[in-house]
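Quick note: the coordinates plus some simple rules give every number you see, no bench work behind them. In this text the structure is predicted, and so the values were computed from the model without any measurement. Please note: Cβ atoms are built from the backbone with ideal geometry, for glycine as well, and neighbour counts cover all protein chains shown.
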Amino acid sequence: MFSRVIAPAPSLSTSSGPRRMLGRLRRTPMTTSLTARPRLRRRTLLGLLGALLSASACGASTPPVAEGEEPLEVELRGNRIVFNHQLQFGHDSAEILEPSFPVLDRICELLGEHEEIFRVQVQGHTSVDGEVQHNQELSAARAEAVAEYLRSQGVTQEVTFQGYGETYPICREESDACNEENRRVEFFVDSR
């Protein structure tokens, strides 16, 4: 089994939102000298700070639901975070695909709402397709990628990850649907 702890550390968000906002501000000409008006300067700086903090906050608003698609649901049930959309990765890789980000962002929001949670364990699982050792490494790499994403989005809890490979299948049939069900990432939490 592969596991590693990612210790919480203060960091700024690396999302493009604040950078994009700063780029726009740099291009905006100032018609009034801020040094000549201390009150205006203070209000402007406070407004800028608030905008940057809100733009870099973990979890963007939930995107609109496409017709026929189930709305995203993420909730805390006991010591688990459960959600109704599967996380997606590139084929045979730990690259998190775009449809996964709304789910992960909502998980970040949920963690921010629960101060009693002090640790999150991200668990990666694979199907039985492929070599056992490769599946073990792939599950750990995917769990690590998700853990790193949570940290990059400002999750303050301790984030650990564990790869279980094909050790704990949900489904034991030999079918594509069963294999897809077994390829998953799960979230367990420890609370005070």
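Mind checking the full-extension length gain between Glu70 and Thr167? Use 0.36 nm per residue of separation minus the Cα-Cα distance, one decimal, nm.
31.9 nm
Please list 184-190, 170-176, 72-78 highest first by mean number of surrounding beta-carbon atoms within 10 Å per residue. Before the final figure, lay out each step's value.
Values: 184-190: 18.9, 170-176: 10.3, 72-78: 13.3.
Ranking, from highest mean packing down: 184-190, 72-78, 170-176.
Please compute the length gained on full extension between Glu116 and Glu158, using 0.36 nm multiplied by the number of residues separating them and subtracting their Cα-Cα distance.
Values: separation 42, 0.36 × 42 = 15.12 nm, distance 1.22 nm.
Separation in residues times 0.36 nm, less the Cα-Cα distance, equals 13.9 nm.
What fraction, in whole percent, of alpha-carbon pairs in segment 134-185 exceed 18 Å separation?
The proportion of pairs with Cα distances above 18 Å equals 40 percent.
Taking 7 Å along the Cα-to-C-beta vector as the label spot, tell me the Glu148-Glu174 distance in nanometres, rounded to one decimal.
That separation, rounded to one decimal, is 3.6 nm.
What is the calculated FRET efficiency for Glu181 to Glu95, with r their C-beta to C-beta distance and R₀ = 25 Å, to the nearest 0.05?
In this case the efficiency is close to 0.75.
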